[in-house]
Amino acid sequence: MPLFALDNEIIFPPVHLAEPDGLLAVGGDLSTERLLLAYRQGIFPWYEGQHILWWCPNPRFILTPATLKVSKSMKQLLKKQAFTFTINKAFAEVINNCKSIDRPGQSGTWITNAVKEAYIRLHRLGYAHSAEVWLNKELVGGLYGIRMGKVFFGESMFSKMSNASKYAFVSYVHLLQQEDVQLIDCQVYTEHLESLGAHMIPRDNFIQLLNELIP
C-alpha cells in the first residue's frame with residue numbers, strides 16, 4: 001500500500017490503508033488541530049529522525065478499567081499509600097522525564113522538543129493530562145496522555161524507582177473509572193502493560209469504540 005505524505009491540509013487517509021505495521025502517513029505538523037483529529041480517528045504520531053510518522057496499528061493494544069489487574073503487592077502499596085499520587089500537578093516535569101529517562105533496548109526517545117511543546121499546548125487547553133507519584137516531595141514516577149470523551153490515550157510513562165510508574169498507572173485508572181472513562185489506549189504491546197490487563201483488539205473494533213465514546 002502507498003505511504004501517504006501529508007501537507008498543510010488537516011486531513012488523514014482512511015486508517016484501513018495503513019501498512020501492515022500500522023504506519024499510515026508521514027509529514028504534516030504537530031498543530032493542536034491536527035493532533036486532536038488524529039486521536040479522534042485512532043491515529044498517533046511517532047518520530048523517526050526528523051520525520052513525523054503517523055500510526056494506526058492493527059490489532060490495537062488497549063485496556064478497560066474493568067480488566068485492570070492489580071497484584072497483591074501493588075494492592076498493599078496502595079493501601080498503605082506508599083507514594084503520594086497527584087493529577088496535573090507537574091505535566092512539564094512528567095514529559096521531561098519521559099523524554100530523558102533511559103529505557104532498556106532503546107538508544108533514544110521519540111519525544112523531541114517539538115513533541116514536548118505540542119503536548120504542553122494540549123495540556124494548557126485541557127486535553128493532555130498527567131498523573132504523578134511522589135516520594136518525600138520528589139517526583140519519582142508518572143505518565144501522560146490525551147483525554148477525549150470517555151477515552152484516555154496513554155502516551156508515555158516513566159519510573160525512577162521500583163513500582164512508581166505502575167502505582168501511577170493503577171491509581172490513575174481507578175480515577176478514570178470513577179469519571180466514566182471506558183477505554184484506555186495503550187497503542188502498542190508492552191509486557192509491562194499486559195501484566196496490568198491490557199490486551200489486543202481488532203483495529204475496526206477500536207475505531208468503533210472511539211466513535212461511540214468520543215462526542
May I ask you to list the residues in the range 1-44 that are aromatic (Phe, Trp, Tyr) and farther than 24 Å from Tyr189 by Cβ?
-> Phe4
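Just to check your reading of the model, which residue among Gln106, Gln177 is out of contact with any strand residue (DSSP E or B) (no Cβ under 9 Å at 6 or more places or on another chain), under 22 Å from Arg60 (Cβ atoms) and modelled with pLDDT under 95? Explain how you work it out, then say what you get.
Details: Gln177 fails: modelled with pLDDT under 95.
Going through Gln106, Gln177 in turn, just one is out of contact with any strand residue (DSSP E or B) (no Cβ under 9 Å at 6 or more places or on another chain), under 22 Å from Arg60 (Cβ atoms) and modelled with pLDDT under 95: Gln106.
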Keeping to the range 178-202, report how many residues are open to solvent by 40 Å² or more (accessible area, probe 1.4 Å) and closer than 20 Å to Lys72 by Cα.
-> 4
Just checking, which of Glu212, Glu132, Glu138, Glu117 is at pLDDT 95 or above and within 20 Å of Leu53 (Cα to Cα)?
-> Glu117
Just to be sure, is Ala168 part of a strand (DSSP E or B), small (Gly, Ala, Ser), over 18 Å from Leu35 (Cβ atoms) and at pLDDT 95 or above?
-> no
Run Gly126 past the list (1) surrounded by 15 or more Cβ atoms within 10 Å (Cβ to Cβ); (2) in a loop (DSSP other than H, G, I, E, B); (3) at pLDDT 95 or above and report the number of the one that doesn't hold.
-> (1)
Please name all residue pairs, on different chains or six or more residues apart, with Cβ atoms under 8 Å, provided the first residue is in the range 161-186 and is within 12 Å of Ala66 (Cα to Cα) and the second residue is at pLDDT 95 or above and charged (D, E, K, R).
-> Asp180/Lys150; Val181/Arg147; Val181/Lys150; Gln182/Lys150; Leu183/Lys150
Among the residues of the range 29-47, write down those that are of a type in the set (D, E, K, R), open to solvent by 10 Å² or more (accessible area, probe 1.4 Å) and either in contact (Cβ under 8 Å) with a residue 40 or more places away in the chain or touching a Gly at 6+ places or on another chain (Cβ under 7 Å) (or both).
-> Arg40
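The values are calculated or read from the model by the stated rules, or taken from the named source; none is laboratory data. Computed from a predicted structure; not experimentally measured. When we count neighbours, we look across all protein chains shown, and the Cβ atoms used for this are built from the backbone with ideal geometry, even at glycine. Areas reflect the complete protein model, heavy atoms only, side chains present, ligands, DNA and RNA absent. Shrake-Rupley method; radii C 1.70, N 1.55, O 1.52, S 1.80 Å.
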